[in-house]
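Visitor: Sending over a structure as structure tokens; questions will come in a sec.
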Amino acid sequence: MKHTRLTALAAISLAATLSLTACGGDDSGTDSSAKGSDTSASQGGGAKAEGGPHAKDGSQAGGSQAGDTQAGDGKDTKAGAADGTAKTGAKVTFCKTADLAIDAADAAPDETTGRINITMINRGSTTCSATGFAGVDIKDADHTSNPIERGRAQPRVTTLKPGDAAVFNLAYDIDTSGKSLASPTNIEVTPPNETHSVTLDWPAGAGDIKGAYTDVQVYPTHTTK
């Protein structure tokens, strides 16, 4: 009986010990969890505390930089617009026929190459543009008018200040046979981008045209400077 009681007491004691150990483990786990939670919260709070101002500063800095960039771009754009307006306001217009003194002269470089130089001087009070091809018709002694085709050449910017001159030329082959069928008397010139024409005399001494008027070509204007 005594041995049985001791065994029973030992069993009860072991159960109590296990119970206390389990309770201690729960407490330890709870404390650890709470501690871990506190640590996480603390670290999280620290991250927020540090990240908040940095993020804010970064955002403000970014905003400021973006604002500066935008402001800079805005100023540049505004300045560009102002320049554009100024340029538009001072935009060069095409030369008017009435403001041009126009003359034709023989400029053949040799006996086989025909060239007529036509000079246009800006007699106006403002700068103008004579860029491009002039319209040219050659009038014949039989009272016909023959339009002249454009030569293969790219127009060059030809801006004329008051008093400046632009030149374009007519090119053709000279007929040395004495049997040319062309008898030019006048050159009708319409400056580039104009509708009003002037009639000039065919230059005295210019070589006879070989072939037909369709063999004559007009080239774009250029400045004499």
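Visitor: Counting just the residues of segment 213-224 that are part of a loop (DSSP other than H, G, I, E, B) and at pLDDT 95 or above, which one comes out nearest to A166 (Cα to Cα)?
Guide: Among those that are part of a loop (DSSP other than H, G, I, E, B) and at pLDDT 95 or above, it is T221.
Visitor: State all residues of segment 153-162 that are in a loop (DSSP other than H, G, I, E, B) and either crowded, with 18+ Cβ neighbours inside 10 Å or touching a Pro at 6+ places or on another chain (Cβ under 7 Å) (or both); if no residue qualifies, say none.
Guide: Matches in segment 153-162: A153, P155, R156, T158.
Visitor: What are the residues in segment 181-225 that are under 18 Å from N117 (Cβ atoms) and basic (K, R), if any?
Guide: K225 - this is the single residue of segment 181-225 that is under 18 Å from N117 (Cβ atoms) and basic (K, R).
Visitor: In segment 163-219, how many are surrounded by 13 or more Cβ atoms within 10 Å (Cβ to Cβ), among the small types (G, A, S) and under 44 Å from the mean Cα position of the chain (by Cα)?
Guide: Qualifying residue count, segment 163-219: 4.
The values are calculated or read from the model by the stated rules, or taken from the named source; none is laboratory data. Please read these numbers as outputs of a predicted model, since none were measured by experiment. Backbone-built Cβ (ideal geometry, glycine too); neighbour counts: all protein chains shown.
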